[in-house]
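The values are calculated or read from the model by the stated rules, or taken from the named source; none is laboratory data. Bear in mind that the values here come from a model prediction, so they are computed numbers and not experimental data. Don't worry about glycine lacking a Cβ; one is built from the backbone with ideal geometry, like all the others, and counts go over all protein chains shown. For accessibility, only protein heavy atoms count, side chains too; no ligands or nucleic acids. Shrake-Rupley method; radii C 1.70, N 1.55, O 1.52, S 1.80 Å.
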Amino acid sequence: MGILPCLALVYKKIVPLIISSKDNNYKAQQQIQQENTRMALSFALGPYSSSVICRTTNINKHSHAQDLSYIRRAADLSDKSAGFTSPHPNFGCVIATRSGEVAGEGYLYAQGTKPAEGLAVEAAGERCRGATAYLNMEPGDCHWDHTAVSALVQAGITRAVVGIRHPLQHLRGNAIRALRSQGLQVDVLGEDMQSKIVEEARKACLLVNLPLIYRAASRVPFSVLKYAMTLDGKIAASSGHAAWISSKLSRNRVFELRGRSDAIIVGGNTMRRDDPRLTARHGGGHMPIRIVMSQTLDLPKEANLWDLSEVSTIVVTQRGARRSFQRFLASKGVEVVEFDILNPRDVMEYFHDRGYLSILWECGGTLAASAISSGVIHKVFAFVAPKIIGGKNAPSPVGELGMVEMSQALDLIDVCFEQVGPDMLISGFLQPIPDLTPTIPSEDETFAIDPTVIPFESSIIFFYKTWDPYGAFSNFSPHPIQMPDEDSNYATWSSVEHYYQANKFLGISNPMAQDCIEQIKLAKSPEEAARMGRLTQRRHPNLVRSDWESVKIDVMYRALKCKFSIYPHLNSMLLSTAGSVLVEASPHDLFWGGGRDGEGLNYLGRLLMQLRSEFLGESPAASESTCLAL
Ligand SMILES: Nc1c(N[C@@H]2O[C@H](COP(=O)(O)O)[C@@H](O)[C@H]2O)[nH]c(=O)[nH]c1=O
């Protein structure tokens, strides 16, 4: 543990400087990018229109039409949990028998829950023998345990049809290779099967995981700019009044869009003018975090966004802005993140590092223009209401972009028009869907660590999200543990996070605390468990055990020890890191994580290193093992 005191310093030194692109000639950038990716857009523009190519002879045995209808069904299934799976991708699996009947299907509910393939195999049972599995996306073997692949192989599936390869390079191709090495025939759309209709089905698979694909290519979350305007292009009257421009039906559509996003962002102007709630009020959906971007923090003290009863709010601001207001926000439980220079790109890079997949921008024209200029907006949703409000000073959806000729206007790609009640919804992409194909390693190529991952020369291993290399070190990884309760009765917890969160309320006689523990135990995903635990801690501090701060490290250590003892592949993964410093790369959790600039205490990394050393016999046991093998 001698290295630990200097860890923060080392970490700070090696964190690479992120250089923002200050090139404002966005139109030129957009043109170059569009040219470079013309081929990538093939699925949208239909370059194969004149010919239907079928490369592998095996494919001829199977009906293209049936394959494609089932792969689309897998994509539709995967989309059922949109918003909940983040930061994990959406996975769906359909199993069809030789005679073409659907025997079972499943989709990933959330990060840390059973994989789609496992659910589908369970549903199909014996009918898996000799059947085909349809997967909208190649599974990512984040934890070195081949869960999805093993489920298919052990069930006796003999063929798999895969919509797209995994977009993250450290995972891409691994499951496909593993399935093939187990004797399955694997047909990947666009590689082993090619035709115009195959490309259309492939596009359906791309669309359900667009946020991950853009995020993988651009290292910022997938960002959608949404606005509602009158037919004469105004987002409010000259007075600023804007309730409402679009119809109720359109606004319900916005709730759905919100429910698919990790966060909604607005600027200070929108907050002052509209006092929005930014919640997804269509019932049962996922609730996005609210982000306010304000340089001056000249914000009202009374505001809907400071009410955190349903969901939290993060304020991003300029370093040093209105310290007293920052203290006021902190007292409300609102998180404040300071930036040296507040701008959309740095803010988006920050949220990328925090694991966000998709952001909905519901801001006014000034911030929208700045976000478009900095190249962080990928898609636009414009609701146009058949109304005219007029007004020389009435605001419009996009402010100054510095363009003087119509030839400079940004063309949307893949534009869709849809009538929503009395309004028209026009949507399209500002940046083409990234082409990840050229970086797919060929079959005989050994897979290498993603060259775009920042090359650290020092032996520090960062982990954070479960899909990252070493993602299994995350407490959100889907590894159940069995731990004794106060009466030494063993209970199963779906993840370390479930166990840790529930422990906050242990030993409190109030029935609400008991109820909370039960709810956390039943939480469908580690995220849900974390949300419940944190919310109850914030809303009802009286339910938290009084010794929590002094016991939480021990609680965590015991849970980790159980996890890394009972799963041999996790144990090997941990021991394989001997000699390296482990850092949980959470930019916002300054206790368990390493922080943005190495200022965090990195307790999760420390405990894992301590555990590793205990397993290697280099240090005595810090706590006796109390867990049971599963
Ligand atoms: N006026 C207007 C919109 N305005 C957006 O909705 C926000 C307020 O919504 P809420 O958070 O639900 O209170 C507001 O700050 C702005 O971002 N949206 C629309 O779909 N249609 C409309 O006519």
Q.
Among the residues of the range 116-146, what is the count of those that are without any contact (Cβ under 8 Å) to a residue 60 or more places away in the chain and either more than 14 Å from LEU184 (Cβ to Cβ) or surrounded by fewer than 19 Cβ atoms within 10 Å (Cβ to Cβ) (or both)?
A. 14
Q.
Among (1) crowded, with 16+ Cβ neighbours inside 10 Å; (2) within 25 Å of ILE377 (Cβ to Cβ), there is one condition TRP306 misses while meeting the rest; what is its number?
A. (2)
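So for the range 491-499 (the condition being farther than 29 Å from GLY140 by Cβ, in contact (Cβ under 8 Å) with a residue 60 or more places away in the chain and either open to solvent by 20 Å² or more (accessible area, probe 1.4 Å) or part of a helix (DSSP H, G or I) (or both)), does at least one residue qualify? It would help to see each step written out before you state the result.
The first filter runs over the range 491-499 and keeps only residues farther than 29 Å from GLY140 by Cβ, leaving 491.
Now restrict to residues that are in contact (Cβ under 8 Å) with a residue 60 or more places away in the chain: none.
Looking for residues that are farther than 29 Å from GLY140 by Cβ, in contact (Cβ under 8 Å) with a residue 60 or more places away in the chain and either open to solvent by 20 Å² or more (accessible area, probe 1.4 Å) or part of a helix (DSSP H, G or I) (or both), one finds none in the range 491-499, hence no.
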(Q) Pull out all pairs, ordered by first then second residue, where Cβ-Cβ is under 6 Å, the residues are six or more apart or on different chains, the first lies in the range 373-390 and is under 19 Å from SER261 (Cα atoms) and of a type outside the set (A, V, I, L, M, F, W, C), and the second is within 16 Å of the ligand (Cβ to nearest atom) and open to solvent by less than 30 Å² (accessible area, probe 1.4 Å). (A) HIS378/SER223; LYS379/VAL224
(Q) Can you go through VAL149, VAL161, VAL121 and tell me which one is closer than 19 Å to MET193 by Cβ, outside the structural domain of ALA472 (by the TED database) and within 28 Å of the chain's Cα centre (by Cα)? (A) VAL161
Q: Name the one entry in GLY173, GLY240 that is on the phi > 0 side of the Ramachandran plot and either within 16 Å of the ligand (Cβ to nearest atom) or among the hydroxyl-bearing types (Ser, Thr, Tyr) (or both).
A: GLY240
(Q) Against the definition (more than 8 Å from the ligand (Cβ to nearest atom) and surrounded by fewer than 23 Cβ atoms within 10 Å (Cβ to Cβ)), how does VAL316 come out, yes or no? (A) yes
**Q.** Yes/no for SER246 being modelled with pLDDT of 95 or more, outside any helix (DSSP H, G or I), more than 25 Å from ASN343 (Cα to Cα) and within 9 Å of the ligand (Cβ to nearest atom)
**A.** yes
Q | Candidates ARG258, ARG323, ARG272, ARG251 - the one that is closer than 21 Å to LEU425 by Cβ and surrounded by fewer than 21 Cβ atoms within 10 Å (Cβ to Cβ) | A | ARG251
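Any idea how many residues of the range 281-301 are assigned to a loop (DSSP other than H, G, I, E, B), within 13 Å of the ligand (Cβ to nearest atom) and more than 18 Å from LEU535 (Cα to Cα)? Working first, answer last.
From the range 281-301, those assigned to a loop (DSSP other than H, G, I, E, B) are 281-288, 294-301; that's our starting set.
From what is left, the residues that are within 13 Å of the ligand (Cβ to nearest atom) are 281-282, 287-288.
Next, from what is left, pick out any that are more than 18 Å from LEU535 (Cα to Cα): 281-282.
Going through the range 281-301 one residue at a time, the tally reaches 2.
Would you point out the residue of the range 362-402, among those that are surrounded by fewer than 13 Cβ atoms within 10 Å (Cβ to Cβ) and in contact with a helix residue (DSSP H, G or I) (Cβ under 9 Å, 6 or more places away or on another chain), that is modelled with the highest pLDDT?
From the range 362-402, those surrounded by fewer than 13 Cβ atoms within 10 Å (Cβ to Cβ) are 386, 388, 390, 392-393, 400, 402; that's our starting set.
In the following step, the residues that additionally are in contact with a helix residue (DSSP H, G or I) (Cβ under 9 Å, 6 or more places away or on another chain) were identified as 400, 402.
Details: GLU400: 95, GLY402: 92.
Checked the range 362-402; the qualifying residue modelled with the highest pLDDT is GLU400.
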Q: Take the residues in the range 532-576 that are basic (Lys, Arg) and under 21 Å from LYS465 (Cα atoms), then tell me which one is surrounded by the fewest Cβ atoms within 10 Å (Cβ to Cβ).
A: ARG534
Q. Within the range 409-431, how many residues are open to solvent by 60 Å² or more (accessible area, probe 1.4 Å) and either over 23 Å from ARG251 (Cα atoms) or in contact (Cβ under 8 Å) with a residue 60 or more places away in the chain (or both)?
A. 2
Q: Mind counting the residues in the range 331-355 that are in a helix (DSSP H, G or I) and under 26 Å from the mean Cα position of the chain (by Cα)?
A: 10
Q | Residue match in the range 280-287 (condition: of a type outside the set (Gly, Ala, Ser) and on the phi > 0 side of the Ramachandran plot) | A | no
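Condition first: of a type in the set (A, V, I, L, M, F, W, C) and crowded, with 18+ Cβ neighbours inside 10 Å. Now tell me which residues in the range 577-599 satisfy that.
Kept after step one, since they are of a type in the set (A, V, I, L, M, F, W, C), are these residues of the range 577-599: 578, 581-583, 585, 590-592.
Matches in the range 577-599: VAL581, LEU582, VAL583, ALA585, TRP592.
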Q: Kindly indicate the residue of the range 202-232 that is open to solvent by 20 Å² or more (accessible area, probe 1.4 Å) and assigned to a loop (DSSP other than H, G, I, E, B) and also farthest from the ligand (Cβ to nearest atom) among those meeting that condition.
A: ARG219
**Q.** Single residue of GLU126, GLU138, GLU101 found to be over 22 Å from ASP262 (Cβ atoms) and touching a strand residue (DSSP E or B) at 6+ places or on another chain (Cβ under 7 Å)
**A.** GLU138
